[in-house]
Each structure stands twice: as C-alpha cells, then as structure tokens.
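Novice: What follows is a structure written as structure tokens; I'll ask about it next.
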Amino acid sequence: MSIPWQRYADDHARTVDTMAAVLLFASFLFGSEITMSGEDRPHVVGLTIALAATGCGALLWQRTRPRTVVTVSAAATAAAAGLGQLPTPLLLGALMLALYRLAVDTDRPTARRYYFAGAALVVTAATVFDPVGIPWPLKTISPAAWLLLPVVAGNAVRLQSAYLDAVQARAEYAERSREEEARHRVAEERMRIARELHDVVAHHLALANAQAGTAAHLSRTGPDQVHRILGDLAGTTASALRELKATVELLRGTDDPELPLAPSPGLGQLAELTEACASAGLTVHVSVAGTARPLTAGVDLTAYRIVQEALTNVAKHASAEAAHVRINWSQDRLTLTITDDGTATAPAAPAPASGRGFGLIGMRERAQSVGGAFAAGHRDGGGFEVTTRLPLYPSATGPEERTP
C-alpha cells in the first residue's frame, strides 16, 4: 500500500525530479562553502556553479538513463572534490540520488559496479588533487560510506518491490486457477446434467415410440393385444415423467420436504427395464455369471444407465428382435456385455467406439467416471456389442486406462 506522497511522486515524476535537481543544486553550492578551519583554497565560484549545474541537471534523466546520470554526477562531484571542496553529503547529494535510482531500476551487480567506480573516482580526485590538505578520513572513508547508503537503500526498495510483485502475481494466478477450476466444475456439471436428461428422456421416448408403433400395427392384426400395449405405453410415459421431474427437482436444489424421493435406479430394476423393452417388441435375455457383490451407489447407477442406453440404441437403430445382457461378477470387477442380433454389419462404416453419437459418448464417460473402461463395435457375425468393466471399489485417482 502506497502513502499519499508516494502516489504523488509516481503521478508527477517530472515535477519531483525537477524539484530534487533544484534542491540538490542549492545544497551543492552550500556544501562547497564548507571549509576546514585555516584552509586557504582558490576561489573557483564559476567553475563550482558549472559543476553543480552539470551534476544536478543530469538528474532530470535519472529515470530513463540511470547509468549515464551516475557517470555524469560522479564526474562532476569528483571534479569538485579535486578543487578542494570538502566531500560532505551536501556535495555528494546528486551522486547519492543517482546511485539510489540506479539501484532501484537495475540489478545488484550493476549498482555495485557503479558504486565502486563512483566512490573510487571521488576518493582518488579528493586524494590526488586536494590543494588544501583535507584530513584523509574525510576524503576517503567518509565519501565511500555516504555513497554506500543509497545503494543499500535502493537495493532494499527494489527487493521489496519485487517481493510485492511476486505476491501479487501469485494472488492473480491463484484467482485465475480458482476461476478455471470453477469453469471446469461447471462444465463437468453440465455434462452430468446432459447425461442424466439424455438417459431419462431418450430411453423412455424410444420405448414409447416403439410401443406406439407396435400398437398401431396390432390394431389391425391383433386388436386384443393393443389394450395391453397401450397400458404399457402409459406406464412408460408416466415413468419418464417421474424420472424427469425428480431430475429437474434435484437440479433446482429444492429443499421441499414434501417432495417424494425415489431411490436412484440400479441393477435391481433391470427386470422392469427388460419388461418395458419386451412391450416395445424387443426380447431381452439376461444371464448372470459369478456371485453378486454389493455395489456403491455410483457404480450401480452407472451399470444400470449403460444397460439402459445400450438397449435403447438396440430398439432405435439395430432392427433387432432380441438382445442379450450378460452380467459377469468377478472378485473385484463387474463386466457387462450387451449384444443384439441386428442386421447392421457395415464393416466399412466408422467404428462407433470412436465416439460418434452422444449415446456412446455418454456410456464411455459414465464408465470412466467411476474408474471403468468401455468398448463398443460391430460383431463379426452381425449385430452390435457393448462391453464395459466397472470396478467394485472404484479408485479415487481417476479412470482406468484399460480396454475391455
């Protein structure tokens, strides 16, 4: 956080630099009048004023050319010291400010090199050309110490500024990361919503369409069966409405305690699913191998939705009369295989497993979301096959990279 005078200095840099140059010009002239008692030095007022104007006037470019300003100020200060001027902070002020600006705007090695060069130039001039015999500590140790102070201060300011910039950069990166994570979660939630609505709407509408077509066909050839099929059609549409309402209410996040909540579908409702398919003219045979094991809610729902979507695709696209669902239980894995006896063989067609079609994409995403694997494609003997392997205890580290 900057204080008012710092904000003013940043907003009016040219004015501040001009004021500093004028003040240091005055201090340079005042410092040139300080003498040791008993000194008898030559009168060089005009040359002193010229050196002061040169050294201090260069400060107007300290922000754009700090190295040049340090060089000019050091030369002017060394020339004044060589004329016998006592190298006090008043005389060294322009060079001190130039070194400070150099240390702030550049790196530490550059500031160190220019400090040693400037201090050596001033000390050498004061020692070699001193016409009045100033005591050696005042013309060696004193100027070197005074010139060191702005370099140390400038390095500290530069490091503090770099630290604040790094903190701000980390904060901005963290903010961007949070925004990206939020967008990622929103995208995942949208995909989950799309899968749920697709599974609910597409399945029931496909069955309803097949049942309505069967009823229309039997209305002429088997009117006695039409009543049963229409009853199944009403049940299918009612089930679709119930699942759609439950999904929409869940997405709305309602807290209505009066809202009836139904359990998520799972393999326990597989018999109802096969009965609904049978009423639409698709006979489904279910076979089970191995000993059934308990499933987590996520895996159970995933298994049901994959079977549901696969049978929906068979009813919609395969022109098949029968489908087979094989459930294979192993020690740590549930394998589901859904096949049909459809006539679509088309080996030259693009492989459905490549991800074309939202149904196959949704089944693959569901399997991967619980750490499973998915594959689908045409069978050599005709028809289509969907296979998925789901872990009984899904890992939290991510989906498996195995192919069924």
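Novice: How about segment 134-157: which of its residues are part of a loop (DSSP other than H, G, I, E, B) and either surrounded by 15 or more Cβ atoms within 10 Å (Cβ to Cβ) or in contact with an Asp or Glu (Cβ under 8 Å, 6 or more places away or on another chain) (or both)? Full working, then the answer.
Specialist: Applying the first criterion (part of a loop (DSSP other than H, G, I, E, B)) to segment 134-157 yields 134-135, 140.
Once the filter is applied, which keeps residues that are part of a loop (DSSP other than H, G, I, E, B) and either surrounded by 15 or more Cβ atoms within 10 Å (Cβ to Cβ) or in contact with an Asp or Glu (Cβ under 8 Å, 6 or more places away or on another chain) (or both), segment 134-157 yields 134, 140.
Novice: Another one. Which residue out of 181, 189, 196 is surrounded by 14 or more Cβ atoms within 10 Å (Cβ to Cβ), acidic (Asp, Glu), farther than 16 Å from residue 86 by Cα and at pLDDT below 85?
Specialist: None of the other options fit; the residue is 196.
Novice: Quick one: which residue in 67, 101, 63 is of a type outside the set (Val, Ile, Thr), surrounded by fewer than 18 Cβ atoms within 10 Å (Cβ to Cβ) and either free of Cβ contacts under 8 Å to residues at least 40 places away in the same chain or in a helix (DSSP H, G or I) (or both)?
Specialist: One residue alone meets the criteria, 67.
Novice: If a residue has to be under 19 Å from residue 84 (Cα atoms) and either outside the structural domain of residue 94 (by TED's automatic domain parsing) or among the aliphatic types (A, V, I, L, M) (or both) to count, how many in segment 104-144 make the cut? Can you show your working first?
Specialist: The first filter runs over segment 104-144 and keeps only residues under 19 Å from residue 84 (Cα atoms), leaving 118-144.
From what is left, the residues that are either outside the structural domain of residue 94 (by TED's automatic domain parsing) or among the aliphatic types (A, V, I, L, M) (or both) are 119-123, 125-126, 128, 132, 134, 138, 141, 144.
Number of matching residues: 13.
Novice: Sticking with this one: Taking into account only those residues within segment 6-20 that are at pLDDT 75 or above and either hydroxyl-bearing (Ser, Thr, Tyr) or touching a Gly at 6+ places or on another chain (Cβ under 6 Å) (or both), which is surrounded by the fewest Cβ atoms within 10 Å (Cβ to Cβ)?
Specialist: 15
Novice: Here is a follow-up. Kindly indicate whether residue 299 is at pLDDT 85 or above and outside any helix (DSSP H, G or I). Don't jump to the end; show me each part of the working.
Specialist: Details: at pLDDT 85 or above: yes; outside any helix (DSSP H, G or I): no.
It is false that residue 299 is at pLDDT 85 or above and outside any helix (DSSP H, G or I).
Novice: Just to check your reading of the model, which residue among 186, 151 is among the aliphatic types (A, V, I, L, M) and in contact with a helix residue (DSSP H, G or I) (Cβ under 7 Å, 6 or more places away or on another chain)? Can you show your working first?
Specialist: Details: 186 fails: in contact with a helix residue (DSSP H, G or I) (Cβ under 7 Å, 6 or more places away or on another chain).
Being among the aliphatic types (A, V, I, L, M) and in contact with a helix residue (DSSP H, G or I) (Cβ under 7 Å, 6 or more places away or on another chain) holds for just one of 186, 151, which is 151.
Novice: Give me a count of the residues in segment 312-335 that are assigned to a helix (DSSP H, G or I) and either over 17 Å from residue 273 (Cα atoms) or without any contact (Cβ under 8 Å) to a residue 60 or more places away in the chain (or both). Spell out the reasoning first.
Specialist: Looking only at segment 312-335, we keep the residues that are assigned to a helix (DSSP H, G or I), and these are 312-318.
Next, from what is left, pick out any that are either over 17 Å from residue 273 (Cα atoms) or without any contact (Cβ under 8 Å) to a residue 60 or more places away in the chain (or both): 317-318.
Final tally of qualifying residues: 2.
The values are calculated or read from the model by the stated rules, or taken from the named source; none is laboratory data. Keep in mind that what you see is a predicted model, and the values were worked out from it rather than measured. Cβ atoms come from the backbone with ideal geometry, glycine included; neighbour counts cover every protein chain shown.
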